[in-house]
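S.K.: Take a look at the following structure, please.
The values are calculated or read from the model by the stated rules, or taken from the named source; none is laboratory data. Remember, predicted model here, so these are calculated numbers, not experimental data. Neighbour counts run over all protein chains shown; Cβ positions are idealised from the backbone, glycine included.
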Amino acid sequence: MFKKNELIKDTIKNKGLLLLAIPGLLFLLAFNYLPMVGIIIPFKSIDFAKGIIRSDWVGFNNFKFLFSSGDIIRATTNTIISNLLFIIATLIISMAFAIMLFDMSRKAVKVYQTALFVPYFLSWVVISYIVYIFLNPDMGILNQFLKAFGSEAINWYSEPKHWRFILVIASLWKNAGYYTILYYTALMGIDSSYFEASDIDGATKFQQIKSISIPLLAPLIMLLVLLQIGRIFFSDFGLFYFIPKDSGALYPVTDVIDTFVFRSLKNNPDLGMTAAAGLYQTAVGFILVIVVNKITKKLNPDLAMF
Amino acid sequence: MYKSKKSKALTLTAGLLLLVSLVLSGCGKSNSTADGSSATSVASSTQQAATTQGTLEPYEIKWYIDAGPQQADINTVQEALNKQLEKSINATVNIVSVDFGNYDQKMQMVIASGEKFDLCFTANWANNYYQNVNKGAFLPLDDLLNQYAPTINETLPKIGWDAAKVKGKIYAIPNYQIWAMTNDIVVRKDLADKYKFDPKTVTKLEDLTPFFENVKKGEQGITPNGVTKGCLPWGRTLVMNGFDEIAGRDVPGVIRLGDADTKVVNQFESEEFKNNLKIVRDWYEKGYIRKDAATLSDMEADKKAGKVAFQFGGNYSPGADVGGKAQFGGNDVYDVPVSKSYLLTSSIIATMTAVSKTSEDPARAVMFYDLLFKDKTLYNTLTFGIENKHYKTNSDGTIEMIKNSGYDYSGCGWEFGNQFNAKFLKGQASNIWDETVKLNNSAEGSPILGFSFDPEPVKTELANCNSVVSEYSIMLETGSVDPDKKLPEFLNKLKIAGVDKLLAEEQKQIDQWKKDNGK
């Protein structure tokens with residue numbers, strides 16, 4: 001009874017804020033909660049004549065293709081390794097950039113900020129052509145360099161060994177700017193008296209970064225890393241499909257779950273099988289978030305998300 | 001106090017505004033399309049009042065075609081078509097043209113969402129016929145055709161219906177055009193003549209090597225052989241190698257043309273495939289093929305700029321050298337058959353039109369399609385537009401498209417009904433349709449002509465094999481990697497993916513089909 005009253009009171013008190021939240025909530029409801037009904041699709045053999053609800057149940061049949069070929073293991077390892085590399089590289093680089101930006105003048109910040117942020121708005125298709133200018137086997141800039149220095153040209157699109165590195169660079173080039181700005185804004189939010197006090201105590205820049213900036217950014221870092229880990233089973237399809245130009249020779253390192261599923265179902269699109277792959281990704285991603293959050297909670301309860 | 005009240009009011013209005021704008025923007029899209037179609041139907045219904053015909057209610061036929069982006073002047077042409085259609089079947093047509101790259105996805109969305117439409121283009125290479133039939137997206141047409149399509153029934157040879165049948169029923173109308181499959185090669189005439197290369201003498205791939213060598217040596221900046229991942233020597237010489245595909249291009253499992261026992265073999269394990277890879281690898285290493293062929297989707301721009309000497313054509317049709325000349329930037333070409341002609345299920349079902357399950361008046365859709373076969377004016381208006389606005393008629397009776405007139409489907413005549421209704425474009429010989437019909441009639445039938453594969457029992461294996469094939473086929477078939485190393489790896493992975501089960505299922509279905517059809 002008491003609780004109910006409290007809820008009504010709270011609602012009345014915050015009605016303006018709640019009203020503001022309505023569009024966002026509706027969006028969430030329409031695009032995140034309603035589609036969850038689709039969780040039944042992987043367990044059905046979809047027949048358009050019968051519709052989703054009345055199609056026949058087929059149990060786990062749709063999941064078979066995921067696990068019966070050896071490729072899913074390769075795709076899963078590639079997904080995790082690449083995403084881990086991306087997360088670590090992005091974290092280090094964008095933190096470094098943010099700290100550098102923080103010590104610059106306003107004007108300089110604006111220039112660098114824009115320069116860093118522009119690639120974020122380019123699509124992977126465009127970036128793939130920029131990469132192609134560098135890696136084209138006949139006329140690419142890198143091969144011209146190699147030839148000029150007397151080394152042999154490399155056929156980049158059929159040599160898998162370089163591609164972990166190339167993918168990390170491409171991902172950094174596009175995404176680091178976005179994270180830099182997130183960290184930079186967080187740095188701006190730190191009470192300047194910490195820095196002034198440490199200045200008076202004669203702290204060096206490095207000590208300031210170590211003892212003020214990083215600890216105060218830790219919650220944000222944790223949050224962003226957790227979010228990224230939650231999506232570690234999902235890969236940026238554009239990055240893995242367009243940048244290597246879907247070259248078969250590179251699959252040993254560039255084939256991830258999304259491209260694998262796309263390839264398998266391209267010639268035989270089956271709603272049930274596609275949805276099965278999606279469910280597999282989501283389920284594992286969900287478990288990972290819970291696990292990482294549990295670990296964080298053990299290490300430092302303040303940093304955990306929930 | 002006052003201030004806080006005001007700010008509260010502000011948040012409220014802001015919130016409301018956001019909400020309203022969100023709702024409005026959500027509706028925006030569906031509104032605009034609804035407006036478009038209702039406007040045309042209102043316009044047409046007023047016209048119909050004047051020319052009411054028989055007992056047929058006015059009806060709008062929505063037709064999805066795979067013919068590039070919507071033409072700018074489509075409305076004028078649609079009006080002209082509708083004027084004719086209202087008189088004969090009291091219908092109007094609403095054509096939605098989708099670009100080639102997006103058609104597949106667009107139709108999957110349209111069909112999955114249960115949108116109401118009447119006709120759509122379907123084939124084995126776009127908006128996949130068999131998958132849609134299996135999903136229940138198309139109507140069986142046997143009865144409708146008997147009742148409402150006298151001309152189509154009369155015009156199309158029986159073999160066409162055999163090819164279109166799935167489990168004994170017809171789900172789409174094959175468009176009448178070149179049906180015979182003949183592998184061909186396209187060579188630039190000036191270069192062939194310069195190096196004394198006679199394309200007619202080519203019987204095997206090795207015969208091409210000396211010509212490539214000459215071009216490589218003698219012509220700076222010209223690619224001797226325009227191989228790309230969209231133009232692979234193996235796929236485009238499948239018939240030349242004596243194979244017919246069973247479950248789709250590049251799906252493991254073919255039969256040998258002329259093999260009465262119809263034994264299913266894995267084409268990737270065949271001697272022919274091995275030999276093909278060896279030659280192409282040799283071409284690649286000698287620089288006759290571009291080094292980035294495996295990642296190149298096409299060379300159309302290079303062809304237009306006159307930088308390609310030769311390409312595998314894929315399928316020969318009479319008069320193809322006229323189209324070839326346009327593709328090769330105005331350079332004359334030889335377009336020469338290099339294999340015998342065969343009628344294949346795949347070559348007949350390459351262009352078809354199906355009636356959607358969601359159609360509200362399938363009978364009218366079929367009547368309309370029958371008219372496209374019967375009425376030359378209707379067909380030609382649809383393909384070329386309106387005379388003197390979109391095309392001109394020359395003194396010899398051939399026609400010429402007017403550039404940038406906003407309407408031109410002259411390259412997509414195979415998309416609608418009966419292509420043999422088409423007027424002749426400038427440069428096309430006036431006997432090409434007769435020649436084509438002759439070629440269709442003289443071609444030898446494949447032993448499995450009319451057979452269609454049901455992927456359902458092996459869809460796991462099929463998906464797995466597809467993914468393996470797409471990993472290896474392009475790099476091997478462009479010669480980008482050493483077949484001695486990669487081919488065994490490829491075959492081994494196919495084994496793991498379950499290729500044997502797939503082949504066995506194909507054999508089982510073919511044997512069953514032969515029994516059922518008394519072959």
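S.K.: When you go through B:410, B:467 one by one, which is the residue that is under 30 Å from residue B:311 (Cβ atoms), surrounded by 21 or more Cβ atoms within 10 Å (Cβ to Cβ) and either of a type outside the set (Val, Ile, Thr) or touching a Phe, Trp or Tyr at 6+ places or on another chain (Cβ under 9 Å) (or both)?
M.R.: B:467
Okay, residues lined up against (1) more than 26 Å from the chain's Cα centre (by Cα); (2) part of a loop (DSSP other than H, G, I, E, B); (3) closer than 30 Å to residue B:471 by Cα:
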| residue | (1), (2), (3) |
| --- | --- |
| B:261 | yes, yes, no |
| B:268 | no, no, yes |
| B:275 | yes, no, yes |
| B:340 | no, yes, no |
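S.K.: In the range A:23-30, is there at least one residue being in a helix (DSSP H, G or I), outside the structural domain of residue A:266 (by TED's automatic domain parsing) and buried (at least 16 other Cβ atoms within 10 Å of the Cβ)?
M.R.: yes
S.K.: Taking the range B:302-315 as the region of interest, how many residues are over 18 Å from the mean Cα position of the chain (by Cα) and either part of a loop (DSSP other than H, G, I, E, B) or away from every other protein chain (no Cβ under 14 Å) (or both)?
M.R.: 9
S.K.: Go through the range A:1-22 residue by residue and tally those that are charged (D, E, K, R), over 36 Å from the mean Cα position of the chain (by Cα) and at pLDDT 85 or above.
M.R.: Residues meeting the conditions: 3.
S.K.: Still on this model: Go through the range B:157-179 residue by residue and tally those that are free of Cβ contacts under 8 Å to residues at least 60 places away in the same chain and among the aliphatic types (A, V, I, L, M).
M.R.: Number of matching residues: 1.
S.K.: Moving on. Would you confirm whether or not the range B:413-424 contains a residue that is over 18 Å from residue B:437 (Cβ atoms), surrounded by 14 or more Cβ atoms within 10 Å (Cβ to Cβ) and touching a helix residue (DSSP H, G or I) at 6+ places or on another chain (Cβ under 7 Å)?
M.R.: No: the range B:413-424 contains no residue that is over 18 Å from residue B:437 (Cβ atoms), surrounded by 14 or more Cβ atoms within 10 Å (Cβ to Cβ) and touching a helix residue (DSSP H, G or I) at 6+ places or on another chain (Cβ under 7 Å).
S.K.: Can you find even one residue in the range B:173-182 that is touching a helix residue (DSSP H, G or I) at 6+ places or on another chain (Cβ under 6 Å) and in a helix (DSSP H, G or I)?
M.R.: No, every residue in the range B:173-182 fails to be touching a helix residue (DSSP H, G or I) at 6+ places or on another chain (Cβ under 6 Å) and in a helix (DSSP H, G or I).
S.K.: Go through (1) within 23 Å of residue A:66 (Cβ to Cβ); (2) buried (at least 23 other Cβ atoms within 10 Å of the Cβ) for residue B:475 and report which single condition fails.
M.R.: Result: residue B:475 passes all but (1).
S.K.: What tally of residues in the range A:34-78 results from selecting those that are of a type in the set (Asp, Glu) and part of a helix (DSSP H, G or I)?
M.R.: 1
S.K.: May I pose another question? Take residue B:437 and decide whether it is assigned to a helix (DSSP H, G or I), surrounded by 20 or more Cβ atoms within 10 Å (Cβ to Cβ) and at negative phi.
M.R.: Against the criterion (assigned to a helix (DSSP H, G or I), surrounded by 20 or more Cβ atoms within 10 Å (Cβ to Cβ) and at negative phi), residue B:437 does not qualify.
S.K.: What's the number of the only condition in (1) within 30 Å of residue B:490 (Cα to Cα); (2) hydrophobic (A, V, I, L, M, F, W, C); (3) away from chain B (no Cβ under 14 Å) that residue A:72 fails to meet?
M.R.: (3)
S.K.: Within the bounds of the range A:42-53, is there any residue that is away from chain B (no Cβ under 12 Å) and aliphatic (A, V, I, L, M)?
M.R.: Yes, the range A:42-53 contains at least one residue that is away from chain B (no Cβ under 12 Å) and aliphatic (A, V, I, L, M).
S.K.: Moving to a separate point now. Can you pull out the residues in the range A:178-194 that are assigned to a helix (DSSP H, G or I), farther than 10 Å from residue A:95 by Cα and not hydrophobic (A, V, I, L, M, F, W, C)?
M.R.: Matches in the range A:178-194: A:178, A:185, A:192, A:193, A:194.
S.K.: Run residue B:323 past the list (1) over 19 Å from the mean Cα position of the chain (by Cα); (2) crowded, with 17+ Cβ neighbours inside 10 Å and report the number of the one that doesn't hold.
M.R.: Unmet for residue B:323, out of (1) over 19 Å from the mean Cα position of the chain (by Cα); (2) crowded, with 17+ Cβ neighbours inside 10 Å: (1).
S.K.: On to the next question. Take the residues in the range B:294-315 that are touching a Ser or Thr at 6+ places or on another chain (Cβ under 8 Å) and modelled with pLDDT under 90; name whichever of them is nearest to residue B:215 (Cα to Cα).
M.R.: Out of the qualifying residues, it is B:302.
S.K.: Only residues that are in a loop (DSSP other than H, G, I, E, B), buried (at least 17 other Cβ atoms within 10 Å of the Cβ) and not charged (D, E, K, R): list them for the range B:102-124, please.
M.R.: Hits for the range B:102-124 are B:117, B:123, B:124.
S.K.: Here's a check for you: in the range B:346-375, which residue that is in a helix (DSSP H, G or I) and of a type in the set (Val, Ile, Thr) is surrounded by the most Cβ atoms within 10 Å (Cβ to Cβ)?
M.R.: B:348
S.K.: List every residue pair whose Cβ atoms sit under 9 Å apart, with the two residues 6 or more apart in sequence or on different chains, where the first one lies in the range A:121-145 and is under 13 Å from residue B:295 (Cα atoms) and the second, anywhere, is surrounded by fewer than 12 Cβ atoms within 10 Å (Cβ to Cβ).
M.R.: Between residues of the range A:121-145 that are under 13 Å from residue B:295 (Cα atoms) and residues that are surrounded by fewer than 12 Cβ atoms within 10 Å (Cβ to Cβ), the close pairs are A:135/A:141.
S.K.: Have a look at B:498, B:518, B:479 and point out the one that is more than 10 Å from chain A (Cβ to nearest Cβ) and modelled with pLDDT of 90 or more.
M.R.: B:479
S.K.: Checking residue B:318 against (1) under 27 Å from residue A:241 (Cα atoms); (2) modelled with pLDDT of 85 or more; (3) under 21 Å from the mean Cα position of the chain (by Cα); (4) not acidic (Asp, Glu), only one condition comes out false. Which one?
M.R.: Of the numbered conditions (1) under 27 Å from residue A:241 (Cα atoms); (2) modelled with pLDDT of 85 or more; (3) under 21 Å from the mean Cα position of the chain (by Cα); (4) not acidic (Asp, Glu), the odd one out for residue B:318 is (1).
S.K.: Assess whether residue B:415 counts as being modelled with pLDDT under 95 and over 23 Å from the mean Cα position of the chain (by Cα).
M.R.: Here the answer is no, as residue B:415 does not meet what is asked.
S.K.: List every residue pair whose Cβ atoms sit under 8 Å apart, with the two residues 6 or more apart in sequence or on different chains, where the first one lies in the range B:126-147 and is touching a residue at least 60 places away in the same chain (Cβ under 8 Å) and farther than 11 Å from residue B:354 by Cβ and the second, anywhere, is among the hydroxyl-bearing types (Ser, Thr, Tyr) and buried (at least 16 other Cβ atoms within 10 Å of the Cβ).
M.R.: That search, which allows pairs on different chains as well, returns B:126/B:103; B:130/B:452.
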